[in-house]
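Colleague: There's a structure below that I have some questions on.
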Amino acid sequence: MSRLIVKGLASQKTVAEFELTEEEMQQDLLTLLTSKGIPIASSCQGEGVCQKCLINGDLMACITKPSELIAQGDKKIEITVSYL
């Protein structure tokens with residue numbers, strides 16, 4: 001299992017930490033985070049148009065999966081959300 005750590009740039013705090021299943025590793029981060037109660041801005045319902053769901057500065061959560069962010073052999077994924 002991998003661990004997802006969500007940090008807020010505005011608050012300078014760790015907002016949440018989750019253990020992710022293999023199934024969750026293949027979901028887009030917008031769907032995953034909202035299902036876990038983390039508010040992610042979006043007005044296009046995940047179609048990749050509005051670009052409000054930015055994480056880590058320039059990645060869109062609606063088209064990025066946790067599996068794409070994990071380094072080889074690492075079990076920890078850290079993402080930052082500017083407005084949290």
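Colleague: Failed condition for residue 23, given (1) surrounded by 12 or more Cβ atoms within 10 Å (Cβ to Cβ); (2) acidic (Asp, Glu); (3) free of Cβ contacts under 8 Å to residues at least 40 places away in the same chain, with all others met?
Modeller: Unmet condition: (1).
Colleague: Would you check if there is a residue in region 30-38 being without any contact (Cβ under 8 Å) to a residue 24 or more places away in the chain and basic (Lys, Arg)?
Modeller: yes
Colleague: Consider region 10-20. How many of its residues are surrounded by 14 or more Cβ atoms within 10 Å (Cβ to Cβ) and in contact (Cβ under 8 Å) with a residue 60 or more places away in the chain?
Modeller: Residues flagged as surrounded by 14 or more Cβ atoms within 10 Å (Cβ to Cβ) and in contact (Cβ under 8 Å) with a residue 60 or more places away in the chain within region 10-20 amount to 1.
Colleague: Among the listed residues 76, 7, which satisfies the condition of being modelled with pLDDT under 95 and of a type in the set (Lys, Arg)?
Modeller: It is 76.
Colleague: It is to be established whether one or more residues within region 27-39 are at pLDDT 95 or above, of a type in the set (S, T, N, Q) and part of a loop (DSSP other than H, G, I, E, B).
Modeller: There is at least one residue in region 27-39 that is at pLDDT 95 or above, of a type in the set (S, T, N, Q) and part of a loop (DSSP other than H, G, I, E, B).
Colleague: On the given criteria, is residue 7 in contact with a Ser or Thr (Cβ under 9 Å, 6 or more places away or on another chain), exposed (fewer than 12 other Cβ atoms within 10 Å of the Cβ), touching a residue at least 40 places away in the same chain (Cβ under 8 Å) and not hydrophobic (A, V, I, L, M, F, W, C)? Explain how you work it out, then say what you get.
Modeller: Working: in contact with a Ser or Thr (Cβ under 9 Å, 6 or more places away or on another chain): yes; exposed (fewer than 12 other Cβ atoms within 10 Å of the Cβ): no; touching a residue at least 40 places away in the same chain (Cβ under 8 Å): yes; not hydrophobic (A, V, I, L, M, F, W, C): yes.
No, not satisfied.
Colleague: For residue 67, are the conditions met, namely being assigned to a loop (DSSP other than H, G, I, E, B) and not aromatic (Phe, Trp, Tyr)?
Modeller: For residue 67, the condition - assigned to a loop (DSSP other than H, G, I, E, B) and not aromatic (Phe, Trp, Tyr) - is not met.
The values are calculated or read from the model by the stated rules, or taken from the named source; none is laboratory data. Since this is a predicted model, take the numbers as computed values, not measurements. Every residue, glycine as well, gets a Cβ built from its backbone with ideal geometry; the counts of neighbours run over all protein chains shown.
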